[in-house]
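The structure appears below as structure tokens.
What follows draws every value from the coordinates through simple rules; no lab data is involved. Owing to the predicted nature of the structure, the values given are computational and were not obtained by experimental measurement. A quick note on method: Cβ atoms are made from the backbone with ideal geometry, for glycine too, and the neighbour counts reach across all protein chains shown.
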Amino acid sequence: MNIYNDFVDEVANYEFQKIFYGKFRSSKLKFYSDSFQHCLKEVAEKRKPLLFFLHNDEVEKSDRYCELLADPSVANLICEKFIIMGWKISSAEEYCKNLADKILIVTDEVLTYLEHARPAIFFIVPNRDSVKVQEVIDVNTDSADGPENNSDTSIEVLISTINVVDKLLASYNYDSFKNMTSAKYQQWMYDELGDRDYDSFEYDEHHLLREKIRFAMYGPPKEQIDGTIDYEPKQKKESEDLYDKIQAKNNEYSKWKDRIVIAFIYNCIEPLAAENEKRKKEDSKGDIFTPLQVFVLRKCKRSKEDKETNKQKK
């Protein structure tokens, strides 16, 4: 048994704080010192976002972001609105692998940065009964990394992202989830997505299908860093991959190519009644359930000629 591996996240936390406070002794920032899992639990329970910094002291730009976090104007803003945690990462493969084992429940995106020892700042926010990554600042590809290497621009990027996350959380109505049941949730999505059993999309209406798939997967689009209302790049890619699969599978059955007849269903998985009541008492946010999206393609009957043609091909 390797005790170091069991506590590798806390070691990474300690090593980061040692570096940070060694350079900025007078900083007002107070970093979270417990394990990563405990930190995420606090994010979910306190409804307070986490600013999570993967710092690689072998990368000059990562050191610069330490300076930005220590800047009094930035530090005051962060302390007021966020839980803060930092990890020291390195190019050591085994070290990053052990860290990755501690972070699996968040997102593949964080794992990608860990695997390549890429410094980044993640803004992790409460999401009903769990957490999610809302925004990411890639330290290596920040707009401040232009020819002039202007640190003022980096501060603008950091503060702008902090304000966007704070604005999103302020507009998020957690009370709307109180007394929410799986039946109410299904009815809400039924009302939002339309009251039809099936939707039919012709070949020139697939842009509408793409939008509906994204809404079904992620809800309405949110305000981005640049002020636009849109989905995140990763969400767009995932929804586009699903659209491609739906289109390909549909054309195996449809009488008319690229005419897609589809239903959107939510299957809500609930714990047993006793466990549900126990968690409700602990949390008081209503019934506990996990909604799973189900996309149902309607099989269109082919003509006799089509069937005969298929038999001949076989």
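The modelled label-to-label distance for the pair residue 73/residue 293, using points 7 Å beyond Cα in the direction of Cβ, is 4.0 nm. Net charge around residue 42, counting only other residues with Cβ within less than 11 Å of its Cβ (Lys, Arg = +1; Asp, Glu = -1)? My count for the surroundings of residue 42 gives +2.
Around residue 204, with a cut-off of 11 angstrom between Cβ atoms, what is the net charge of the other residues, counting Lys and Arg +1 and Asp and Glu -1? Before the final figure, lay out each step's value.
Values: positive: 259; negative: 202, 205, 258.
Summing Lys and Arg as +1 and Asp and Glu as -1 gives -2.
The residues packed around residue 76, meaning those with a beta-carbon under 15 Å from its beta-carbon, carry a net charge of 0 if Lys and Arg are +1 and Asp and Glu are -1.
Rounded, prolate or oblate for the range 1-93? Axes are the square roots of the Cα gyration tensor eigenvalues, ordered a ≥ b ≥ c, and the cut-off for rounded is a/c under 1.5. Verdict is oblate for the range 1-93.
List, in the order given, every pair from 212/299; 28/237; 234/255 whose Cα-Cα distance in the structure shown is over 31 Å. Don't skip to the answer; put the middle values down first.
Details: 212/299 20 Å; 28/237 39 Å; 234/255 33 Å.
Checking Cα-Cα distances, 28/237; 234/255 exceed 31 Å.
Let's test the formula: R0 of 41 Å, r as the Cβ-Cβ distance of residue 205 and residue 10. What FRET efficiency results, to the nearest 0.05? Intermediate results must be reported in sequence, preceding the final value.
Numbers: r = 53 Å, r/R0 = 1.29.
Calculated transfer efficiency: 0.20.
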